[in-house]
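The values are calculated or read from the model by the stated rules, or taken from the named source; none is laboratory data. Because the structure is predicted, anything quoted here is derived from the model rather than measured. Positions of Cβ are generated from backbone atoms using ideal geometry, with glycine treated the same way; all protein chains shown enter the neighbour counts.
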Amino acid sequence: MILYEFDPLKDSRWERFLQRHPRASAFHSVAWLEALHRTYGYKPVVLSTSKSEEEIQSAIVFCEVESWLTGRRLVSLPFADHCEPLVGSDDELQAMLLYLENKRAEEGWKYVDVRPRNQHRFENTHFEKSEHFYFHVLDLGPKLEAMFNAFHKDSIQRKIRRAEREGVEHQEGRSELLLEKFYRLLLVTRRRHHLPPHPLDWFRNLRACMGDSLKIRIASKDGRPIASILTLSYKDSTIYKYGCSDEKFHNLGGMPLLLWAAIQDARNIGHREFDWGRSDWENSGLVSFKDKWGAARSELTYLRFPGRISLAARGGWRLHVAKRFFEWMPDRFLTAMGRLLYRHIG
């Protein structure tokens, strides 16, 4: 089987293919790839069964990550919760994976990483399980009243009603002011988790590339931002990609209020699903929170060739030490660390 490579940022066939394909997501889109390229310099490449003069029928998209810190590698796709190979037959998938295995040695890539929503097609390949997450999706088919009644009464329904009673205000849009409010809350949240935030340029580039399909929502109490979410819309899906909050005001229900607004909007415009994204297995609080919205939980498994990289090799103890250091770092240094480190993480 002959395979072909092309740059999806320069080939108009890619977006046409995505519009036809039922499993294409916002993470496959030209907009997401362009934002990655502008912010981190990643080079996107599509591997396809179709010649340059043919419409694409089957393909996988990757980014080349060049890093002196974490190694040179091929990732499908950086910072994406999932990126399903848009491949028809198992024979095509096998041919593409074999091609990548051979090219990895030629190019000197440390590994090739894929992040499918469904891992079963990789069971008879040389790609091995590397990272595991929980993944939640909310079906938007039921009527809004039925969905609301299915939410956990104490943790979700009452929090939404509490926010309404307390007069928590809700703003939405794409303005620079809203982005700045979102980013200040993101910095607070990432500090709480002992991690640096993504660089502000990432969100500016994502906003510029995604256009109206990106929306920022801010919840405020007496003019003070207390929670924010950033969602992406693509075809018939809304993705909850980023969320942040001031924990001093969690009791006011700002985050549930924003998520309920996003769910209502998604259903009202005819979307089929609300994608809650991935959650770390050990983050039982976040997993439970998503469960309480009635979202279906499944396992999300990333795969890698060659094989699993041990925790020690990935610098597990170093990350633990770094997180203790990030906890006390002034804001300007914490954001600077984000600008420095995230291009190496992807």
Can you name the helices (runs of 4 or more DSSP H) wholly within segment 1-117 that have at least 2 residues being more than 19 Å from the chain's Cα centre (by Cα), modelled with pLDDT of 95 or more and surrounded by 14 or more Cβ atoms within 10 Å (Cβ to Cβ)? 13-20, 90-107
Just one listed residue, out of LEU74, LEU36, LEU47, is in the same structural domain as GLU92 (by TED's automatic domain parsing), under 11 Å from PRO8 (Cα atoms) and not small (Gly, Ala, Ser), and it is LEU47
Counted residues in segment 237-253 being farther than 24 Å from ARG204 by Cα and either touching a helix residue (DSSP H, G or I) at 6+ places or on another chain (Cβ under 9 Å) or surrounded by fewer than 18 Cβ atoms within 10 Å (Cβ to Cβ) (or both) come to 6
Looking at the structure I just gave you, is GLY141 assigned by TED's automatic domain parsing to the domain that holds GLY277 and in a loop (DSSP other than H, G, I, E, B)? yes
Hey, any hits in segment 131-147 for a residue that's surrounded by fewer than 17 Cβ atoms within 10 Å (Cβ to Cβ), aliphatic (A, V, I, L, M) and over 30 Å from PHE333 (Cβ atoms)? yes
Check segment 241-258 and report whether any residue there is closer than 30 Å to PHE17 by Cβ and either in a strand (DSSP E or B) or modelled with pLDDT of 95 or more (or both). yes
Name, by its number, the condition in (1) touching a Lys or Arg at 6+ places or on another chain (Cβ under 8 Å); (2) farther than 29 Å from LYS221 by Cα that does not hold for PHE151. (2)
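In segment 191-233, which residues are of a type outside the set (A, V, I, L, M, F, W, C), assigned to a strand (DSSP E or B) and either buried (at least 23 other Cβ atoms within 10 Å of the Cβ) or in contact with a strand residue (DSSP E or B) (Cβ under 6 Å, 6 or more places away or on another chain) (or both)?
Within segment 191-233, LYS215, ARG217, SER220, PRO225, SER228, THR231 qualify.
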What residue, of LEU98, LEU77, is touching a helix residue (DSSP H, G or I) at 6+ places or on another chain (Cβ under 6 Å) and not hydroxyl-bearing (Ser, Thr, Tyr)? LEU77
Among the basic types (Lys, Arg), touching a residue at least 24 places away in the same chain (Cβ under 8 Å) and outside the structural domain of ARG204 (by TED's automatic domain parsing): does that describe LYS181? no
Could you say which residue among LEU98, LEU77, LEU86, LEU93 is more than 16 Å from LYS43 (Cα to Cα) and touching a residue at least 40 places away in the same chain (Cβ under 8 Å)? LEU86
Could you check how many residues of segment 262-309 are part of a loop (DSSP other than H, G, I, E, B), farther than 30 Å from ARG104 by Cβ and among the aromatic types (Phe, Trp, Tyr)? 1
All but one of (1) at pLDDT 95 or above; (2) among the charged types (D, E, K, R); (3) touching a His at 6+ places or on another chain (Cβ under 9 Å) hold for ARG324; which doesn't? (1)
With the requirement that a residue be more than 27 Å from VAL168 (Cβ to Cβ) and either surrounded by fewer than 14 Cβ atoms within 10 Å (Cβ to Cβ) or modelled with pLDDT under 95 (or both), what does segment 260-283 give you? GLY270, ASP280, TRP281, GLU282
In segment 289-310, anything surrounded by fewer than 13 Cβ atoms within 10 Å (Cβ to Cβ) and in contact with a helix residue (DSSP H, G or I) (Cβ under 9 Å, 6 or more places away or on another chain) is listed as SER310
So which residues in segment 118-138 are of a type outside the set (D, E, K, R) and either assigned by TED's automatic domain parsing to the domain that holds GLY294 or within 21 Å of ILE239 (Cβ to Cβ) (or both), if there are any at all? ASN118, GLN119, HIS132, PHE133, TYR134, PHE135, HIS136, VAL137, LEU138
Restricting to segment 261-291, what's the tally of residues that are in contact with a Leu (Cβ under 8 Å, 6 or more places away or on another chain) and β-branched (Val, Ile, Thr)? 1
